[in-house]
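Asker: My structure is below; once you've seen it, I'll send some questions.
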Amino acid sequence: MKWRGRRQSQNVEDRRGRSSGRKVAVGGGLGAIIILILSLVTGTDLSGLLQFIESPTIETTEPKRESLPDDETAQMVSTVLASTEDIWDHLFQEQGRTYQKPNLVMFDYATSSACGQASSAMGPFYCPGDNKVYIDLSFCQDLKTRFQAPGDFAVAYVIAHEVGHHVQNLLGISQQVQSMRQQMSTVEYNKLSVKMELQADFLAGIWGYYAENMQDLLDKNDLEEALQAAYAIGDDRIQKQTQGYVVPDAFTHGSSQQRMYWFKRGFDTGDLSLGEFNKIQ
């Protein structure tokens, strides 16, 4: 991906290197030692007295990494976000709308969001409560090593997918789906949620179409990198790897083939019409 030397977004919040301290008990200290000695000397079990000794606490934190606002991965993610800003601003203007740019939060290990506590284990996500995309950049390495989906454009696809959820939010699609929650069974609503995820893949593909045709951002093998990432994080593949079998009713994002298909559909057509949305199964 030809991202170097391009505009980087100003809507990036770098929380890397921050960590919230927490107090933990580390034992009874000197008082506990004295009671232990007295027990040995007198031959009497005095351990019951330990409950009256206040355990000291120390401040501990998660391992820290220095915040590196100029590191290569952060620069690349910021450039991808800037690309989505320019493209969606253009597409919204064509429809007589105003595109409200989301913020992107980079964090380590855990952070807070309007949707609750965020952790690295959750992977990248979009929170409609604060219109922010959250990502621990260690996911970029996981995508390469754990999911076997290397390349800058694989990461760009993931960012574009989360921005796709922001677009759904701005278009009112998210609200429509949420309003149907009480009217549907859990299974039916889960299927609708999967459809929304595939729409986000479709929207990521639309971004890819314009990133190539309007911005000349893509290299030769970038489309293949995105499709490999879509395949790698399909529900069926992840279920097969983690539990050895596939449960379609437990899908959250769609199968590998579905995710590849709808990203490619958006990438090939660049068609933002809701008619295309309604074709997603």
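The values are calculated or read from the model by the stated rules, or taken from the named source; none is laboratory data. These numbers come from a predicted model, not from an experiment. Quick reminder, even Gly has a Cβ in these numbers, built from the backbone with ideal geometry, and neighbours come from all protein chains shown.
Asker: Those residues that are surrounded by 15 or more Cβ atoms within 10 Å (Cβ to Cβ) and modelled with pLDDT under 50, I need them from region 1-31; list them, please.
Answerer: GLY28, GLY31 - these are the residues of region 1-31 that are surrounded by 15 or more Cβ atoms within 10 Å (Cβ to Cβ) and modelled with pLDDT under 50.
Asker: Go through region 124-143 and report how many residues are of a type outside the set (S, T, N, Q), closer than 22 Å to VAL167 by Cβ and outside any helix (DSSP H, G or I).
Answerer: The total comes to 11.
Asker: Looking at region 78-100, is at least one residue at pLDDT 95 or above, in a loop (DSSP other than H, G, I, E, B) and either outside the structural domain of TYR209 (by TED's automatic domain parsing) or of a type in the set (S, T, N, Q) (or both)?
Answerer: Yes.
Asker: Something else: Can you tell me which residues in region 192-222 are among the hydrophobic types (A, V, I, L, M, F, W, C) and part of a loop (DSSP other than H, G, I, E, B)?
Answerer: Hits for region 192-222 are MET214, LEU217, LEU218.
Asker: It is to be established whether one or more residues within region 237-252 are crowded, with 21+ Cβ neighbours inside 10 Å and at pLDDT 90 or above.
Answerer: no
Asker: Can you pull out every residue in region 150-191 that is in a helix (DSSP H, G or I), among the small types (Gly, Ala, Ser) and without any contact (Cβ under 8 Å) to a residue 12 or more places away in the chain?
Answerer: SER179
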